[in-house]
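Below is one structure, written out as structure tokens; comments come after it.
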Amino acid sequence: MLSVVVGGFFGDEGKGKVVAYLALNDEVSAAVRVGSVNAGHTVFWGGREFKLRIIPSAFVNGSCRLYIAAGSLVRLDVFFREISTLGVAGRVFVDKNAGIIEDKHVEIEARDEYLRNSIGSTLQGVGAAMVDRVMRRLKLAQDFPELRTYLVDLVDEVWRITSSGGNILIEGTQGTYLSLYHGTYPYVTSKDTTASGILSEVGLGPKYVDEVIIVFKAYVTRVGGGPLPGELPIDEVINRGWIEKASVTGRIRRAAPFDYNLAKRAVMLNSATQVALTCLDKIFPTSARVKEWGKLPPEAKRWVEDLEDVLRTPVTLIGTGDDVTHMIDRRKDLGVMT
Ligand code: IMP
Ligand code: MG
């Protein structure tokens, strides 16, 4: 079984939490992270907060092998620091064709007024490294002796694991509307963040995927420039308890109510088969930390069911609090494969 987790809005929908939940609850033998270090995925687990920039959020499952895809871009300092902070040495592997971001890429972006002021880039060197990759001068993981013991051919590994019946979880980064092709260009990141782009970064054709799980937060947030339909004034964002700080840059996130038009189009763009909804407690405080569908207040249930009607897609997972375990899992009830 092969599942992809993709962001439905502008990133920060809670992909980290969803991936960590799935890794702990399904028998996931391998997890793959795509994208790069501009994307911070947060996992609250066992009373601790983990901010991940390159290691898959499935690290919470101690028997899960952790992979970084060929299309991803790694910064060696971030990579080695995360391995030691998380204590995951020995089960982390990097595709030999993954790209490496060097200091010069970070320096190029630091000097770029357009990226900084108009786009609101995280300035992590990702776009500059993508330029070098396109120009065919970027160094790859296989060019660095310090990565020698981590290198794999991920395409081979994925085949080996799936043919022996193992489950693989693929973790996308950012969100649909930050896609270089399908997002709010030019206010986007330097990659295609949709399910197809995620698969391409791994080296998987579209037919091998069983489930595409799209993650929506119960409201929409965005950091950096670009349109945000229905954007609320900051006072109102604070009032509603929707105030958030970006995990890589520490910037305050802009916020708006849930956007059905964006959500419908995102389901289409990603061929989503399931919706994971996060932060339900932020629009229905009485649903905080609830773990069973039956215990949700009726108005929250109705909101979720209306969403399913609009999107014509089952809402299988519902986040009701910060911790990985604050999750309602409706997959069995809805007859969805796990
Ligand atoms: P860059 O990819 O760092 O150059 O940033 C380009 C745009 O994407 C900026 O608006 C960033 O704020 C946004 N962005 C990049 N990565 C993330 C993320 O992980 N979450 C949310 N926004 C992101
Ligand atoms: Mg994030």
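Which residues in region 22-45 have a backbone N closer than 12 Å to a point placed 7 Å from the Cα of Lys51 along the Cα-to-Cβ line? Under cut-off, by backbone N: 39-43.
Order these peptides, 180-186, 109-115, by their mean beta-carbon neighbour count within 10 angstrom, highest first. Can you show the working numbers first?
Details: 180-186: 15.7, 109-115: 13.6.
Highest to lowest by the protection proxy: 180-186, 109-115.
Rounded to the nearest 500, the 222 nm mean residue ellipticity of the chain from helices alone is -7500 deg cm²/dmol, with -39,500 (n - 2.57) taken per DSSP H run of at least 4 residues. Backbone phi angles across region 66-79, fed through the Karplus curve with coefficients 6.51, -1.76 and 1.60 (θ = phi - 60°), yield HN-Hα couplings of 10, 10, 10, 7, 4, x, 7, 10, 10, 9, 4, 4, 5, 4 Hz in residue order; Gly and Pro are listed as x. What is the sum of charges around Pro233, taking Lys and Arg as +1, Asp and Glu as -1, for the other residues whose C-beta is under 12 Å from the C-beta of Pro233? Once positives and negatives cancel, what remains is -1.
Checked against a 26 Å cut-off, the cross-linked pairs Lys17/Lys291; Lys191/Lys332; Lys207/Lys301; Lys17/Lys295; Lys51/Lys332 give Cα-Cα distances beyond that limit for Lys191/Lys332; Lys207/Lys301; Lys51/Lys332.
Multiplying the residue separation of Asp153 and Phe80 by 0.36 nm and subtracting their alpha-carbon distance yields 24.3 nm.
Just name one of Phe144, Gly225, Thr193: the one whose Cα is farthest towards the positive end of the charge dipole of the chain (beta-carbon charges, Lys/Arg +1, Asp/Glu -1). So the residue furthest toward the plus end is Phe144. Dipole magnitude for region 277-338: about 120 debye, using +1 per Lys or Arg Cβ and -1 per Asp or Glu Cβ, origin at the Cα centre.
Residue-wise HN-Hα couplings along region 152-159, as the Karplus relation 6.51 cos²θ - 1.76 cosθ + 1.60 with θ = phi - 60° gives them from phi, are 9, 9, 5, 4, 4, 5, 4, 4 Hz; Gly and Pro carry x. Once backbone amide H atoms are built at 1.01 Å from N, Arg65 has Ala30, Ala31 as its partners under 5 Å, excluding neighbours fewer than 5 places away on the same chain.
Rounding to the nearest 20 debye, state how big the charge dipole of region 89-214 is about its Cα centre with +1 on each Lys and Arg Cβ and -1 on each Asp and Glu Cβ. Working shown, then result.
Numbers: 13 positive and 18 negative charges, 36 e Å.
Result for region 89-214 is approximately 180 debye, rounded to the nearest 20.
Quote the relative contact order of the chain in percent (integer), defining contacts as alpha-carbon pairs under 8 Å separated by 6+ residues.
On the way: 750 pairs, mean separation 73.9, N = 338.
Averaging sequence separation for qualifying contacts and normalising by length gives 22 percent for the chain.
With a simple spin-label model that places each label point 7 Å from the Cα along the Cα-to-Cβ direction, the separation between Val310 and Glu292 comes to 2.9 nm. What you get for region 182-338, charging only the Cβ of Lys and Arg (+1) and of Asp and Glu (-1), is a dipole of about 160 debye around the Cα centre. Separation of region 164-201 from region 7-76 is 14 Å, based on Cα centroids. Considering only Ala288, Ala23, Ala70, the Gaussian network model of the chain with Cα springs below 10 Å gives its largest mean-square fluctuation to Ala288.
Note that region 311-317 has calculated 3J(HN,Hα) couplings of 8, 6, 9, x, 8, 8, 10 Hz, one per residue in order, obtained from phi through the Karplus relation 6.51 cos²θ - 1.76 cosθ + 1.60 (θ = phi - 60°); glycine and proline are x. Counting only aspartates and glutamates at least 8 places from Lys245 when in the same chain, those with an alpha carbon closer than 20 Å to its own are Asp12, Glu13, Glu49, Glu231, Asp235, Glu236, Asp281, Asp322, Asp323. Amide H contacts under 5 Å for Glu244: Arg253, restricted to partners 5 or more places along the chain or on a different chain, H placed in the peptide plane at 1.01 Å from N. The label point for Lys301 and the one for Arg137, both projected 7 Å from the Cα toward the Cβ, are 6.3 nm apart. For Met268 and Glu146, a Förster radius of 51 Å and the Cβ-Cβ distance give a FRET efficiency of 0.75, rounded to the nearest 0.05.
Among Leu52, Leu169, Leu262, the residue with the largest mean-square fluctuation in a Gaussian network model of the chain, with springs joining Cα atoms closer than 10 Å, is Leu262.
Quick note: the coordinates plus some simple rules give every number you see, no bench work behind them. Everything quoted here is computed from the prediction, not taken from an experiment. Here Cβ is always computed from backbone atoms with ideal geometry, including for glycine, and neighbour counts include all displayed protein chains.
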